[in-house]
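Asker: Pasting a structure below so you can have a look.
The values are calculated or read from the model by the stated rules, or taken from the named source; none is laboratory data. A quick note: this is a predicted structure, and the numbers were derived from the prediction, not measured. All Cβ positions, even for glycine, are placed from backbone atoms using ideal geometry, and neighbour counts span all protein chains on display. Just the protein is used for accessible areas: all its heavy atoms, side chains included, with ligands, DNA and RNA removed. Shrake-Rupley method; radii C 1.70, N 1.55, O 1.52, S 1.80 Å.
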Amino acid sequence: LKGMGRCVEKAGLTSGNAKALVSGRYHLRYDGVCDIVRGAVEFENMSQMFLFLELLAACDPAFVEGAKRRGWDAGAAGLKQQIKILRIKNRFGEGQASSGGWAD
């Protein structure tokens, strides 16, 4: 769980309109703070991670048809719950690491 101090810091570091002028006062915008709670899944290799991501995408109605064309069917795999993927960050590509060097 991200602490309150880190949420405020992230709101202030957001690019663009980090602060909104409302009634003569500046207010931090928190709409760019996305990862207040996060989980982790560990894999032994990139192939396992890719398989997991393909199956995860197959649970999102926006990706179902593409996933089925690639041979993934979440329902056939016993996954009945639908999800909605809101954001994807690829930190593994060349030059994609964060400014702090993180590839999470």
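Asker: Only sites in a loop by DSSP and with at most 16 other Cβ atoms within 10 Å count here; which chymotrypsin sites (Phe, Trp or Tyr not before Pro) in the range 41-104 make the cut? The partial results should precede the final answer.
Answerer: Details: sites: Phe43, Phe50, Phe52, Phe63, Trp72, Phe92, Trp102; in loops: Phe43, Phe63, Trp72, Phe92, Trp102.
Loop-located and lightly packed - Phe43, Phe92, Trp102.
Asker: Which order do Met49, Met4 take by accessible area at a 1.4 Å probe, largest first?
Answerer: Numbers: Met49 40, Met4 145 Å².
Greatest to least solvent exposure: Met4, Met49.
Asker: What accessible surface, in Å², does a 1.4 Å probe find on Ile85, ignoring ligands, DNA and RNA and rounding to the nearest 10?
Answerer: Roughly 50 Å² of Ile85 is accessible to a 1.4 Å probe.
Asker: Apply the Karplus curve 6.51 cos²θ - 1.76 cosθ + 1.60, θ = phi - 60°, to the phi angles in the range 39-54 and return the couplings in whole Hz, x for Gly and Pro.
Answerer: Rounded to whole hertz, the list is x, 9, 10, 9, 10, 7, 7, 5, 4, 5, 5, 4, 4, 4, 5, 4.
Asker: How would Cys34, Cys59 rank on accessible area, largest to smallest, probe 1.4 Å? Please list the in-between numbers first.
Answerer: Working: Cys34 75, Cys59 15 Å².
Solvent-accessible surface, decreasing: Cys34, Cys59.
Asker: Check cross-link reach from Lys68 to the aspartates and glutamates: straight Cα distance under 20 Å, and skip same-chain residues fewer than eight apart.
Answerer: Straight-distance partners of Lys68: Glu54, Asp60.
Asker: Roughly how many nanometres apart are two label points built 7 Å out from the Cα toward the Cβ at Leu79 and Ala40?
Answerer: Inter-label distance under the simple model: 2.2 nm.
Asker: In addition: Using 0.36 nm per residue, how much length does the chain from Cys7 to Asn90 gain when fully extended, once their Cα-Cα distance is taken away? Don't skip to the end; give the middle numbers.
Answerer: Values: separation 83, 0.36 × 83 = 29.88 nm, distance 2.21 nm.
Length gained, Cys7 through Asn90: 27.7 nm.
Asker: Right, here's the next one. Using R₀ = 41 Å, calculate the FRET efficiency as 1/(1 + (r/R₀)^6) where r is the Cβ-Cβ separation of Phe50 and His27; round to 0.05.
Answerer: Details: r = 41 Å, r/R0 = 1.01.
Efficiency at R0 = 41 Å is approximately 0.50.
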